[in-house]
Ligand SMILES: [Zn+2]
């Protein structure tokens, strides 16, 4: 894909995508195929990302981090999109951005928001984290269950972002990203999840990367 500078967004990892230039060269499906690409970039923690952003607002804004302990998934009714969020969706639609096809559906907020509670692997992580889940899969999951009762949707969210990801024998990691708003740079959210079988993960095979 072609990318360009993100304009006023000065975070080092932020780039705008030219949606018309996206070309799929090869599809990498399944944990064994993905691990050689993903494992080498796992590093740091929620604590280290937040400390970095606290010391320098333009420190790493994105990371794939390991988790110490999983403490739970909180689910609460979605208050509806804020005017700022709706404006952002309109901008996506006008620019012909990557997910344009999903914008009309996004106008209706999903029923629930969700947060993940966890600790980092390091012993110095003494205060559990509670990070909002912004993973697109949270919205998509609720879209698929649009005609099901609330209790079933809540159960499915807890299952997907808790039970399934942190099942015994899995080695979960979280894609974390912070916000463009400079006063909230220390606030990282869950943008995605990675939870391969433990036997496959963190293998010495992958330590040198590709
Ligand atoms: Zn921590």
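How many residues, within the stretch 153-210, are at pLDDT 95 or above, over 13 Å from the mean Cα position of the chain (by Cα) and under 21 Å from residue 14 (Cα atoms)?
So the answer is 0.
Report, by residue number, each residue of the stretch 35-48 that is more than 9 Å from the ligand (Cβ to nearest atom) and not in a loop (DSSP other than H, G, I, E, B). Walk me through how you get there before you give the answer.
From the stretch 35-48, those more than 9 Å from the ligand (Cβ to nearest atom) are 35-44; that's our starting set.
Selection gives 35, 36, 37, 38, 39, 40, 41, 42.
Name the single residue, out of those in the stretch 120-145 being within 15 Å of the ligand (Cβ to nearest atom) and under 13 Å from residue 73 (Cα atoms), that is surrounded by the fewest Cβ atoms within 10 Å (Cβ to Cβ).
130
Would you check which residues across the stretch 1-27 are part of a loop (DSSP other than H, G, I, E, B) and closer than 29 Å to residue 59 by Cβ and list them?
1, 6, 7, 8, 9, 10, 11, 12, 13, 14, 22
Output the qualifying pairs, or none if there are none: Cβ atoms under 6 angstrom, residues six or more apart or on different chains, first residue in the stretch 21-49 and free of Cβ contacts under 8 Å to residues at least 40 places away in the same chain and over 30 Å from residue 124 (Cβ atoms), second residue part of a loop (DSSP other than H, G, I, E, B) and more than 16 Å from the ligand (Cβ to nearest atom).
Final answer for the pair search is 21/1.
Could you list, in sequence order, the residues of the stretch 2-53 that are modelled with pLDDT of 90 or more, under 21 Å from residue 180 (Cβ atoms) and surrounded by 12 or more Cβ atoms within 10 Å (Cβ to Cβ)?
Correct list: 44, 46, 48, 49, 50, 51, 52, 53.
The values are calculated or read from the model by the stated rules, or taken from the named source; none is laboratory data. Note that the structure is a prediction, hence the values are computed from the model and not measured. Counting neighbours? That spans all protein chains shown, and the Cβs are built from the backbone with ideal geometry, glycine included.
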